[in-house]
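Here's the structure we're looking at; comments come further down.
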Amino acid sequence: MSSAGRGRLRIYLGYAAGVGKTYRMLEEALAMRQKGIDIVIAYFEPHGRQETIAKTEGLETIPRQTLVYAGTPFEEMDADAVLQRKPAVALVDEFAHTNVPGSKRLKRWQDVHVLLEAGIDVLTTMNVQHLESLNDQVWHSTGVRVRETVPDWVVDEADEVVLIDLTPRALRNRLERGVVYPQEKAQRALVNFFTEGNLTALREMAMRHTAHEVEEKLDAAPGPVGSHPDGRKERILICLTGSPSSAVLIRRGKRVADYLQADCLAIHVSSTPQGREAVERHMSFARNLRIAAHLLEGSDVARAIADFARAQRVTQIFMGRSMPRPWWQRFSETIVHQVVRQTRDIQVTIVAERRR
């Protein structure tokens with residue numbers, strides 16, 4: 001794999017537990033070992049799957065570290081031990097995992113980045129529903145709000161994304177046979193998250209994302225992707241408020257920006273200090289997704305947004321719907337209406353907050 005400098009990252013991407021991500025990763029690890037490559041298991045989650053466990057035989061495993069939280073012991077990957085061992089390649093299961101409080105780093109993908117910086121190549125696994133920008137789409141399609149997410153830029157920086165595919169019917173058959181979970185848990189899963197409709201929707205997301213990754217890396221599309229008809233590069237501006245729906249707006253805008261290979265900015269114009277704490281959370285969330293977030297002061301919110309958009313050569317503005325207004329203001333312009341009127345040369349997209 002890599003010879004010097006930063007390590008290479010390969011992600012085995014699936015759409016649900018049981019499609020065979022870890023099994024495939026271990027198969028390829030065994031093939032590497034046969035070629036004489038120094039490879040270790042840094043973290044492996046067996047889930048009681050005997051066929052997968054059998055694939056770990058003969059591979060060196062780095063012992064986990066034990067951390068006690070709220071009086072209960074938890075086992076996590078020992079990144080320091082992996083660094084000390086310094087293999088050529090490390091296997092790290094469950095890329096999106098959140099470490100127990102008290103760990104050096106909050107997320108396992110951050111541990112992986114430490115290994116990569118040390119020149120260690122990493123093979124890892126994750127499901128598409130853990131992509132941050134798909135969080136709302138997954139919730140709308142399946143009714144499940146995924147709590148452990150990975151910023152899209154982390155996955156985009158992977159050197160290789162390998163799609164591990166299995167038809168929904170074949171996966172449900174594996175569940176029925178008790179291959180994925182014990183029978184009682186499998187039966188609950190079949191009527192809840194693992195319905196054929198949910199699995200089909202998730203599989204489509206995984207295929208679309210992988211296809212987009214391939215297109216982006218090969219740059220196969222004719223003409224400059226993400227360019228405006230008049231030759232300008234697409235630049236997307238997301239307008240934030242203190243409303244919880246701003247999180248949906250951030251994910252949607254970032255997803256479109258990534259698809260168009262466009263620059264992505266976020267702005268909040270504050271006329272009062274009210275709700276500043278919620279806004280700061282959204283600003284922090286945006287920055288975590290590598291969106292350049294700006295906080296401006298001003299009494300004329302719409303004018304400030306329009307001026308900022310023009311100064312930054314923005315081509316698309318994403319806004320949420322305005323809050324309901326009292327009856328005596330129903331015929332006056334909302335901020336959204338004002339922005340649309342003042343930015344006639346810029347596309348404005350009003351993002352609806354979908355509810356189940």
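Taken together, the values in this text are just the output of simple stated rules run on the coordinates, not laboratory data. The structure displayed is predicted, hence computed values, not measured ones. Here Cβ is always computed from backbone atoms with ideal geometry, including for glycine, and neighbour counts include all displayed protein chains.
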Check your understanding: Roughly how many Å is it from the Cα centre of the range 241-318 to that of the range 34-100, as a whole number?
Key -> 39
Practice item. Report the label-to-label distance for L106 and R85 in nanometres (one decimal), using points 7 Å from each Cα along the Cα→Cβ vector. Key: 2.8
Practice item. Treating cross-link reach as a plain straight distance, find the lysines whose alpha-carbon is under 23 Å from the alpha-carbon of K21, omitting any fewer than eight places away in the same chain. Key: K35, K55, K107, K185, K217
Review point. When only C-alpha pairs under 8 Å and at least 6 residues apart count, what is the relative contact order of the range 65-196, in percent?
Key: 16
Study note, to complete from the structure: Between the residues A79, V92, Q129, the Cα farthest towards the positive end of the dipole of the range 74-135, that dipole coming from +1 and -1 charges on the beta-carbon of Lys, Arg, Asp and Glu, is from A79
Check your understanding: Dipole of the chain, Cα-centred, from +1 at each Lys and Arg C-beta and -1 at each Asp and Glu C-beta, to the nearest 20 debye?
Key -> 1040
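Report the calculated FRET efficiency for A31 and Y259 (r = Cβ-Cβ distance, R0 = 35 Å), to the nearest 0.05. Display every interim value, and only then the final one.
Working: r = 34 Å, r/R0 = 0.98.
After rounding, the FRET efficiency stands at 0.55.
What's the extension gain from R281 to L296 if we count 0.36 nm per residue and subtract their Cα-Cα distance?
Contour length minus the Cα-Cα distance gives 3.8 nm.
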Check your understanding: Once both axes come from the Cα atoms, what is the angle between helix 276-288 and the longest principal axis of the chain, in degrees from 0 to 90, rounded to 10?
Key -> 50
Review point. Say a paramagnetic label sat at a point 7 Å from the Cα of R341, along Cα to Cβ; which residues of the range 289-310 have their backbone N under 19 Å from it?
Key: 299-310
**Study point:** Electrostatic dipole magnitude of the range 6-158 [Cβ: Lys, Arg +1; Asp, Glu -1; Cα centre; debye, to 20]
**Key:** 120
Check your understanding: In percent, how large is the relative contact order of the chain, given Cα pairs closer than 8 Å and 6 or more residues apart?
Key -> 16
Review point. Rounded to the nearest whole Å³, what is the per residue volume of the convex hull around the Cα atoms of the chain?
Key: 184
Review point. Under a point spin-label approximation (7 Å from Cα along Cα-to-Cβ), what is the R208-T195 distance to one decimal in nm?
Key: 1.9
Exercise for review: Relative to the longest principal axis of the C-alpha atoms of the chain, give the angle of the C-alpha long axis of helix 196-218, reported between 0 and 90° and rounded to the nearest 10°.
Suggested key: 80
Study note, to complete from the structure: Extension length gain for Q183 and T72 (0.36 nm per residue less Cα distance), in nm, is 37.2 nm
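Restricting to bridges with both residues inside the range 9-217, how much of the DSSP beta-bridge set is antiparallel, in percent to the nearest 5? If you can, show how the numbers build up before the last one.
Working: 6 of 27 bridges.
Counting DSSP beta bridges with both partners in the range 9-217, the antiparallel share is about 20 percent.
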**Study point:** Estimated dipole of the range 235-351 in Debye, rounded to 20 [Cβ of Lys and Arg +1, of Asp and Glu -1, Cα centre]
**Key:** 300
